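A short write-up of the structure that comes next.
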Amino acid sequence: MKKEPVKKESVQVVVRCRPMNGKEISEGHQRIVDLDPSRGAVEIRNPREDSRESIKTFTFDAVYDCNSKQQELYDETIRPLVSSVLDGFNGTIFAYGQTGTGKTYTMEGDKSDPEAKGIIPKSFDQIFSHISRQENMQYLVRASYLEIYQEEIRDLLDRDPSKRHELREKPDTGVYVKDLQSFVCKSVKEIEQVSPCDFHCWL
């Protein structure tokens, strides 16, 4: 059953659950998380208790189980946001979770496999495809990459990895990161060349 697109709210929280890996399976672990995409619900059960009362239920704007596809996630939750950015609105996408939960796969994926490409490369494709179809509109695309870790901001394009950056705010432009590097890009190829080898957050 096709899900309805995520509602247009100021902040949306989307949950994706990865499949159990080989190590978890070989060690005999069992899955204790069940997702119901139709309700946007995540159910967590205590493996030591069989009663229905032990199940905790949480609801989100959208949920995706371990069988979800990259394209499905992108089309339903990300594409509308990128479209709104192209219309002039601000938008931010970031992945949050523990190490090993699948953030890198969801955000970056495998660029050599069209079906496994993640949010970031798919966003590049959508942005530049949209720009190429415009005749009476000019766009300026700038790329910058940063990491926020333990409340410290690091520019992933800076040659000095130890340098920390400050969050500032201007009345006319809003919140920004002081001295964050950015590069003008005119194609998907150019923006991919700017991409750092390792990053956890894209703004």
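The values are calculated or read from the model by the stated rules, or taken from the named source; none is laboratory data. What you see is a predicted model, and the numbers here were worked out from it, not measured in a lab. Here the Cβ positions follow ideal geometry from the backbone for every residue, glycine too, while neighbour counts run over all protein chains shown.
Does residue 77 meet the test of being of a type in the set (Ser, Thr, Tyr) and more than 20 Å from residue 118 (Cα to Cα)? No, not satisfied. Read through the list (1) loosely packed, with under 13 Cβ neighbours inside 10 Å; (2) under 17 Å from the mean Cα position of the chain (by Cα), then give the number of the only condition that residue 74 fails. Against the list (1) loosely packed, with under 13 Cβ neighbours inside 10 Å; (2) under 17 Å from the mean Cα position of the chain (by Cα), residue 74 comes up short only on (1). Among the residues of segment 135-142, none qualifies, meaning not one is β-branched (Val, Ile, Thr) and within 25 Å of residue 15 (Cα to Cα).
Inspect all residues belonging to segment 185-192 and state whether any of them is assigned to a strand (DSSP E or B), over 30 Å from residue 67 (Cβ atoms), free of Cβ contacts under 8 Å to residues at least 40 places away in the same chain and not small (Gly, Ala, Ser). Scanning segment 185-192 turns up no residue that is assigned to a strand (DSSP E or B), over 30 Å from residue 67 (Cβ atoms), free of Cβ contacts under 8 Å to residues at least 40 places away in the same chain and not small (Gly, Ala, Ser).
Among the residues of segment 146-174, which ones are β-branched (Val, Ile, Thr), surrounded by 12 or more Cβ atoms within 10 Å (Cβ to Cβ) and either touching a Cys at 6+ places or on another chain (Cβ under 9 Å) or closer than 25 Å to residue 88 by Cβ (or both)? Full working, then the answer.
First pass over segment 146-174, keeping only residues β-branched (Val, Ile, Thr): 148, 153, 173.
If we keep only those that are surrounded by 12 or more Cβ atoms within 10 Å (Cβ to Cβ) as well, we get 148, 153.
Within segment 146-174, just 148 meets the criteria.
Name every residue in segment 132-150 that is in a loop (DSSP other than H, G, I, E, B) and of a type in the set (Phe, Trp, Tyr), in order of residue number. Before you say what the answer is, go through the steps one by one.
Of segment 132-150, the ones in a loop (DSSP other than H, G, I, E, B) are 133-141, 144-145, 150.
Answer for segment 132-150, where residues must be in a loop (DSSP other than H, G, I, E, B) and of a type in the set (Phe, Trp, Tyr): 139, 145.
Remark: pairs (first residue in segment 151-167, assigned to a strand (DSSP E or B); second residue at pLDDT 90 or above and polar (S, T, N, Q); Cβ separation under 6 Å; 6+ apart in sequence or on different chains) = 155/181.
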